[in-house]
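The values are calculated or read from the model by the stated rules, or taken from the named source; none is laboratory data. Model, not experiment: these values are computed from the prediction. Cβ coordinates were reconstructed from backbone atoms using ideal geometry, including for glycine residues, and neighbour counts include every protein chain displayed. Note: accessible area is taken over every heavy atom of the protein model, side chains too, but ligands, DNA and RNA are not part of it. Shrake-Rupley method; radii C 1.70, N 1.55, O 1.52, S 1.80 Å.
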Amino acid sequence: MHIVVCIKQVPDSAQIRVHPVTNTIMRQGVPTIINPYDLFALEEAFKVRDCHGGAITVLTMGPPMAEQAMRKALTYGADRAILLTDRHFAGSDTLATSFAIAQAIVKIGDSFGAPDIVFTGKQTIDGDTAQVGPGIAKRLDLQQLTYITKIASIDRHAREITVERRSEGGTQMLKSKFPCLITMLEGVNSIRRGSLDNALRAARFPILKWSAADAGIEDLANCGLRGSPTVVKRVFAPTARAQKAMQIDTTDKTAGHVADEVVASIFTNQPSLEGELSSNGSA
Amino acid sequence: MEIQKSETPSQATGRAAMKKELPKHYQDHRHVWVFIELERGQVHPVSLELLGEGRKLADKLGVQLAGVVVGPRDGVGTGPAIADAFAYGADLAYLIESPLLVDYRNEPFTKALTDLVNCHRPEILLLGATTLGRDLAGSVATTLQTGLTADCTELDVDVDGSLAATRPTFGGSLLCTIYTLNCRPQMATVRPRVMAMPQRVAKPIGRVIRHDLMMVEEEIVTKVLGFLSDSQSEDANLAYADVVVGGGLGLGAAENLQHVKVFARTIGGEFGCSRPLVQKGWMPFDRQIGQTGKTIRPKLYVAAGISGAIQHRVGVEGADLIVAINTDRNAPIFDFAHVGVVADAIRFLPALTEALTRRLAPRDHMKLVN
Ligand SMILES: Cc1cc2nc3c(=O)[nH]c(=O)nc-3n(C[C@H](O)[C@H](O)[C@H](O)COP(=O)(O)OP(=O)(O)OC[C@H]3O[C@@H](n4cnc5c(N)ncnc54)[C@H](O)[C@@H]3O)c2cc1C
């Protein structure tokens, strides 16, 4: 089995602050991490390799510093790592991103054997679109299996895979074929700890750095800004609510009294709610 | 103190400022489409919410609004879906019925929608940002090689008629407005409950345009083996509840969540939580409220022991009334809540539950007292 796992290095968005005056992002000193959703994909890939053997190639598109994320993935136990990095990719939207990554996966196929499964996380925490996985699947004509919670079985000889997929209101059981692209849902596993051996190996491991040309992209019109139909025209801060909450005074009052006051203010603000709740709720 | 070096999020100032020159072959794209999501016979309410937005866009552009219905033949749900489309503002409906469209699968749905777009050439195409909608939108946009803006919170038409799609960025700390310049259709997804439910039209009428699905089962690789409905497990109808109580880390321990549940049960509402509780395994993921969980739009939201981080805020801002209970009077939740109580949620929630019961069932209460 050859498995490609697409990961992304992202700023830890919990630690991003917005400059109060200029409304710009203060990234300085914000640590970067592997997109948390991608770790579910990576662990699932490891599990498949544990059962069925094979090799795992991690692939990322990003600036040269994304090498750190690659080394981390190698520490967890990936077999090889490819960093797709080129200034021509700057400003890519999801359509251009899926183009570049899909091209790199074709090239990976040429060099190391065509992948049976391509994994991605459900979405990234910086872009939050959940569009790149489906975009790659469509471009490479892979079976698209999104929001997967479980790989139920794999039949290597028949090249069949059975999965459970989260959908609105329930879980779908799907049977599909290789090659496929799986986007993993969160919380379905947790990434294994890297071994000391892997950490030592990762530190020295030669990470392949591919430019657009290395990935076999000749026409750059599909890359970066030129290949992105969407453009960001304006960035702004959400308008703050003019008023802070009306505070209910709690001094020298029992919880019961304060609660009565809160209830009174709820129904003053939302008079229709009282009738609705009396007819369907309580008692 | 040193001011940190800041930078603007990557934006294409140069290109965005460029005058739009839509290629000729896109210039005949007209009308606003809303994909009517039908899974297992049920219309997803997000589609109706989108029809409300779509109607406004279509009126501004002076074009028609169409609902796109894709589903199984002999009607499970397609009839009501078309009726709903007209009832919530569509002028016409495109319909593809086929036995291959019983359950959602990417291949036949992508084929159906892209064929319809290529044939009838809409200017704007909107889908719900549900698991189905996101799965479908991503592959349709890639097939059509057009732009797609995910999880929009605001849609508008600007002076030159372009779709201005606004969405949160950087974890909700900023908003950005995105345009699709030189491609059509302009595609966007919107999460359930972000847009308000529109009024029903008094006397709905519309035209139905049918198409065939140009596909046979043998061409479809992925097969559906089964479906396990959530109603067999715990049903969380959080997004559409009128009253929601959310518990946060301030509750301190998993046991204390019972106060949240008792409140919800007593008042006939739903309960949810902030993300750390899901990470701790105190509540299942489908109860998480916020940017990476559910968006809610209740008439009343009670936030108990929740700090009000931006990622939580974006999921609850649509609530008509937010009541916050927090021990810290400087907690950010008080910046956007309407009513605030500085109190220990563990002790105050039971008191609130009791007070509500008293108020809502006065006669029963009198009986108890007498
Ligand atoms: C990419 C990303 C996505 C995220 N998505 C979400 C999301 O979808 N939803 C979400 O909620 N969060 C999300 N978060 C997390 C978010 O940033 C916050 O960490 C989280 O909302 C905080 O949860 P909390 O308010 O329960 O806990 P805390 O921040 O720990 O706050 C606890 C609050 O309880 C108060 N308190 C303490 N004791 C009591 C008491 N006895 N009674 C009353 N109050 C008390 C404290 O004063 C404090 O304000 C996301 C973060 C990231 C990075």
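For segment B:155-164, backbone phi angles converted through the Karplus equation (6.51, -1.76, 1.60; θ = phi - 60°) give residue-by-residue couplings of 10, 8, 10, 8, 4, 8, x, 7, 6, 9 Hz, Gly and Pro being listed as x.
Using a probe of 1.4 Å on the protein chains alone, the accessible area found for B:Phe285 is around 80 Å².
Would you work out which of B:Leu225, B:Ala253, B:Ile322 lies farthest towards the positive end of the dipole of chain B, given +1 charges on the beta-carbon of Lys and Arg and -1 on that of Asp and Glu, about the Cα centre? So the residue we want is B:Ile322.
Quick one: work out the % antiparallel among DSSP beta bridges in segment A:2-227, nearest 5. The answer is about 45 percent antiparallel. When A:Met70, B:Met215 are compared by accessible area of protein heavy atoms, the largest-first order is B:Met215, A:Met70, using a 1.4 Å probe.
Relative contact order of segment B:220-306, taken over Cα pairs closer than 8 Å and 6 or more residues apart, is 39 percent. For the protein assembly as shown, the 222 nm mean residue ellipticity estimated from helices alone, with every DSSP H stretch of n ≥ 4 adding -39500 (n - 2.57) and the total spread over all residues, rounds to -9500 deg cm²/dmol. Ordering B:88-94, A:168-174, A:207-213 by mean Cβ neighbour count within 10 Å, with the highest value first, yields B:88-94, A:168-174, A:207-213.
Averaged over peptide B:164-171, how many Cβ atoms belonging to another chain are found within 10 Å of each residue's Cβ?
5
Tell me, what is a quarter of the convex hull surface for the C-alpha atoms of segment A:2-227, in nm² with one decimal?
Spelled out: convex hull of the Cα atoms, projected over all directions, averaged, 13.5 nm².
Each Lys and Arg Cβ is given +1 and each Asp and Glu Cβ -1; about its Cα centre, chain A then shows a dipole of about 840 debye. The label-point distance for B:Asp320 and A:Ala242, in a model that sets each label 7 Å from Cα toward Cβ, rounds to 2.1 nm.
For the segment A:220-227, counting C-beta atoms of other chains within 10 Å of every residue's C-beta and taking the mean gives 1. Evaluated with a Cβ-only charge set (Lys, Arg +1; Asp, Glu -1), segment B:238-359 carries a dipole of roughly 140 debye about its Cα centre, given to the nearest 20.
Buried surface between chains B and A: roughly 8300 Å² of accessible area, summed over both sides, computed with a 1.4 Å probe on protein heavy atoms only.
Leaving out ligands, DNA and RNA, and with a 1.4 Å probe, what % of the accessible surface on segment B:238-359 is carbon or sulfur? That fraction is 48 percent. Residue by residue, segment B:24-30 carries 3J(HN,Hα) couplings of 3, 5, 9, 5, 8, 6, 9 Hz when phi is fed to the Karplus relation 6.51 cos²θ - 1.76 cosθ + 1.60 (θ = phi - 60°); x denotes Gly or Pro. Temperature 4 °C, viscosity 1.567 mPa s: under these conditions the Stokes-Einstein estimate for segment B:220-279, based on its Kirkwood radius over C-alpha pairs, is 95 µm² per second. Over chain B, accessible surface divided per residue gives 41 Å², non-protein components excluded, 1.4 Å probe. The aspartates and glutamates whose alpha-carbon is closer than 19 Å to the alpha-carbon of B:Lys24, local same-chain residues fewer than 8 away aside, are B:Glu123, B:Asp160.
Which of the GluC sites (Glu not before Pro) found in segment A:178-283 are in a DSSP loop and have at most 10 neighbouring Cβ atoms, other than their own, within 10 Å?
On the way: sites: A:Glu186, A:Glu218, A:Glu261, A:Glu274, A:Glu276; in loops: A:Glu186, A:Glu218.
Within segment A:178-283, the qualifying GluC sites (Glu not before Pro) (loop, at most 10 other Cβ atoms within 10 Å) are A:Glu218.
Ranking of A:Asp252, B:Asp28 by solvent-accessible surface, largest first: A:Asp252, B:Asp28 (1.4 Å probe, protein heavy atoms only, all chains present).
Tilt of helix B:345-360 relative to the longest C-alpha principal axis of chain B, in degrees (0 to 90, nearest 10)? It works out to around 80 degrees. Exposed loop sites were defined as GluC sites (Glu not before Pro) in DSSP loop states (anything but H, G, I, E or B) carrying at most 10 other C-beta atoms within 10 Å; in chain B the longest segment without such a site runs B:22-233.
Viscosity 0.692 mPa s, temperature 37 °C: what is the translational diffusion coefficient of the protein assembly as shown from Stokes-Einstein with a Kirkwood Rh over Cα pairs, rounded to a whole number of µm²/s?
The estimated diffusion coefficient comes to 125 µm²/s.
Here's the picture: charge each Lys and Arg Cβ at +1 and each Asp and Glu Cβ at -1 in segment A:241-282, and of A:Gly256, A:Ile266, A:Leu277 the one pushed furthest to the positive end of that dipole is A:Ile266. Under the simplified labelling scheme, the A:Arg87-A:Ser211 pair shows an inter-label distance of 1.1 nm, with each label point 7 Å from Cα along Cα→Cβ. Peptide B:175-181 has a mean shielding of 6, counted as Cβ atoms of other protein chains within 10 Å of each residue's Cβ. Relative contact order of segment A:81-209, taken over Cα pairs closer than 8 Å and 6 or more residues apart, is 27 percent.
Per residue, the accessible area of segment A:241-282 comes to 58 Å², computed with a 1.4 Å probe over protein heavy atoms only. Taking B:Ile333, B:Ile209, B:Ile96 as the candidate residues, the one with maximal mean-square fluctuation in a Gaussian network model of chain B, Cα springs under 10 Å, is B:Ile209.
Overall, the ratio between the Cα radius of gyration of segment B:238-359 and 2.2 N^0.38 Å, rounded to two decimals, is 0.92.
Give the percent of DSSP beta bridges with both residues in segment B:2-219 that are antiparallel, rounded to the nearest 5.
For segment B:2-219, the DSSP antiparallel bridge percentage is about 30.
Taking the Cα centre of chain B as origin, sum charge times position over the Cβ atoms of Lys and Arg (+1) and Asp and Glu (-1), and report the length of that vector in debye to the nearest 20. Dipole of chain B, to the nearest 20 debye: 720 debye. Mean separation of Cα pairs under 8 Å and 6 or more residues apart, divided by the residue count, gives segment B:126-168 a relative contact order of 27 percent. Proximity of backbone amide H atoms, modeled 1.01 Å from N, is registered between A:Met246 and B:Val339, B:Gly340 at under 5 Å, excluding neighbours fewer than 5 places apart on the same chain.
Taking 7 Å steps out from each Cα toward its Cβ at A:Val21 and B:Asp212 produces label points 6.8 nm apart.
Taking a straight Cα-Cα cut-off under 18 Å and skipping sequence neighbours fewer than 8 places away in the same chain, the aspartates and glutamates within cross-link reach of A:Lys138 are A:Asp93, A:Asp116, B:Glu107, B:Asp115, B:Asp135, B:Glu219. A convex hull fitted around the alpha carbon atoms of segment B:2-219 yields 137 Å³ per residue.
Among the listed pairs A:Lys150/B:Lys261; A:Lys72/B:Lys111; A:Lys107/B:Lys223, those whose Cα-Cα separation exceeds 32 Å are A:Lys72/B:Lys111. Against chain B, whose longest principal axis is taken from its Cα atoms, helix B:78-87 shows a tilt of about 80°.
Remark: segment B:242-259, residue by residue, has Karplus-estimated 3J(HN,Hα) of 7, 10, 10, 10, x, x, x, 4, x, 6, x, 8, 4, 4, 5, 5, 4, 4 Hz, where x stands for each Gly or Pro and the curve is 6.51 cos²θ - 1.76 cosθ + 1.60 at θ = phi - 60°. Here the protein assembly as shown carries DSSP beta bridges of which approximately 35% are antiparallel, counting only pairs with both residues inside. Segment A:241-282 gives an Rg/Rh value of 1.07, both radii derived from C-alpha positions and Rh following Kirkwood. Rolling a 1.4 Å probe over the protein chains gives B:Met197 an accessible area of about 80 Å².
With the charge dipole of segment B:238-359 set up from +1 on Lys and Arg Cβ and -1 on Asp and Glu Cβ about the Cα centre, the Cα lying farthest toward the positive end among the listed residues B:Ala303, B:Val244, B:Thr266 is that of B:Thr266.
Kirkwood analysis of chain B, using all unique Cα-Cα pairs, places the hydrodynamic radius at 22.7 Å.
Partner lysines whose Cα lies under 19 Å from the Cα of B:Lys203, excluding those fewer than 8 positions away in the same chain, are identified as B:Lys56.
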